[in-house]
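Participant: Have a look at the structure that comes next, please.
The values are calculated or read from the model by the stated rules, or taken from the named source; none is laboratory data. No experiment lies behind these values; they were computed from the predicted model shown. Reconstructed Cβ throughout: ideal geometry from the backbone, glycine too, with neighbour counts over all protein chains shown. Just the protein is used for accessible areas: all its heavy atoms, side chains included, with ligands, DNA and RNA removed. Shrake-Rupley method; radii C 1.70, N 1.55, O 1.52, S 1.80 Å.
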Amino acid sequence: MVNAIKGILITCDIPMAQFLISVNDAMPNAHKFIVYMLDDTHIYVQPDVGTMLSKKLEEFRDQNTFVKPFEA
């Protein structure tokens, strides 16, 4: 018998995959979202975490964006 699990396939580069793994590792066991690591750039996650991951990625991007200081 085949077991099927609904989810989202995320394709990303290796640094982003490492970020997603670190977010997953920071979650309690009941809230971990990675179902399967297919390879270094493909991650299969639970279907209900899309919005949460988008928010985490936006926060990460905002923290790591350089804004040139205003020169008068």
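Participant: Helix 50-63: angle to the longest alpha-carbon principal axis of the chain, degrees 0 to 90, nearest 10?
Facilitator: Helix 50-63 sits at roughly 30 degrees to that axis.
Participant: Right, something else. Over the chain, what percent of the accessible surface lies on carbon and sulfur atoms, probe 1.4 Å?
Facilitator: The C+S portion of the solvent-accessible surface of the chain is 58 percent.
Participant: For the chain, set up a GNM with springs between Cα atoms under 10 Å and report which of Ile14, Ile43, Ile34 has the largest fluctuation.
Facilitator: Ile14
Participant: Please work out the average accessible area per residue across segment 1-41, using the 1.4 Å probe convention, and give it in Å².
Facilitator: Spelled out: the 1.4 Å probe surface of segment 1-41, per residue, equals 77 Å².
Participant: Per 0.36 nm of contour for each residue apart, how much would the distance between Lys55 and Met37 grow if the chain were fully extended, relative to their Cα-Cα spacing?
Facilitator: 4.4 nm
Participant: Considering only DSSP states other than H, G, I, E and B, which chymotrypsin sites (Phe, Trp or Tyr not before Pro) in the chain qualify as loop sites with at most 13 other Cβ atoms within 10 Å?
Facilitator: Sites meeting the loop and neighbour criteria: Phe66, Phe70.
Participant: Next question, about the same structure. 222 nm [θ] for the chain, helices only, -39500 (n - 2.57) per DSSP H run of 4+, per residue, to 500?
Facilitator: Rounded to the nearest 500, it is -12000 deg cm²/dmol.
Participant: For His42, tell me the accessible area in Å² from a 1.4 Å probe, rounded to the nearest 10.
Facilitator: For His42, solvent-accessible area is about 50 Å².
Participant: Return the Rg/Rh value of the chain, two decimal places, where both radii are evaluated on C-alpha atoms and Rh is the Kirkwood radius.
Facilitator: 1.12
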